[in-house]
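Right, one structure below, let's go through it.
The values are calculated or read from the model by the stated rules, or taken from the named source; none is laboratory data. Since we're looking at a predicted model, the values are computed, not measured. Positions of Cβ are backbone-derived with ideal geometry, glycine not excepted, and every protein chain shown enters the neighbour counts. Keep in mind that these areas ignore ligands, DNA and RNA; they rest on the heavy atoms of the full protein, side chains included. Shrake-Rupley method; radii C 1.70, N 1.55, O 1.52, S 1.80 Å.
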Amino acid sequence: MPPITVIFVVSGLAVWLNGLAFLGVGAKKAEGTPDPLVSVGWVTLVAGVVDFAEAVYLLAAVPPATGIPLAGLVVFYATFFTTLGLTLVKGLDLRPVGNLAVAVALVPLFWWSFFDGTWMFQSILAVWAVAFLSVAATTYGRLPGRVLGGVLTVTALYTFLTPAVLLALGHAIP
């Protein structure tokens, strides 16, 4: 399996947990117990750090024509997950994360031609744009958290975990 599988799995699980938290599944803090969002934050932070490590690996091990653009794209998501993870762990204001989400939604669309001939990767870029714009809208009270939770769980399944399963089964991503 290619090393990008690690990015898909760790990021997918982080997005899945965040989606479930916004849906309210296991997200309510009970009196006298730890805040479950801190656990979600730690998983998200780990995903960001792993994604950064994978970006370094891509730069070192993959031919530059592919490794450099792919590592650049991965750094967008690594930065987002690291920032979101730290924000959740520390219980900070999510609005700056929403601001970051706008850039992470739009700038990766410039990688569209990098993925020419791979309809799934191109559709993933589009889904990510919707998901990250939804994050921004939710942090500013424009989109209900439950809607974002639904968007994130679908995003986790389609854009991260499905490609990981395809690669694990020895298939190329279409």
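Of the residues making up region 17-29, those that are surrounded by fewer than 19 Cβ atoms within 10 Å (Cβ to Cβ) and in a helix (DSSP H, G or I) number 2. Pairing each residue of region 9-33 that is under 15 Å from Val151 (Cβ atoms) with any residue that is β-branched (Val, Ile, Thr) and open to solvent by 40 Å² or more (accessible area, probe 1.4 Å), provided the two are 6+ apart or on different chains, yields C-beta distances under 6 Å for Ala14/Val43; Leu17/Val43. Count of region 30-74 residues, restricted to those that are in a helix (DSSP H, G or I) and open to solvent by 20 Å² or more (accessible area, probe 1.4 Å), is 25.
Residue-by-condition table, conditions (1) open to solvent by 20 Å² or more (accessible area, probe 1.4 Å); (2) closer than 16 Å to Tyr77 by Cβ; (3) hydroxyl-bearing (Ser, Thr, Tyr):
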position: Phe121; (1), (2), (3): yes, yes, no
position: Ala126; (1), (2), (3): yes, yes, no
position: Val135; (1), (2), (3): no, yes, no
position: Thr138; (1), (2), (3): yes, no, yes
position: Arg142; (1), (2), (3): yes, no, no
position: Gly149; (1), (2), (3): no, no, no
position: Val154; (1), (2), (3): yes, no, no
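Take the conditions (1) over 17 Å from the mean Cα position of the chain (by Cα); (2) surrounded by 18 or more Cβ atoms within 10 Å (Cβ to Cβ); Phe80 misses just one of them, which is (1).
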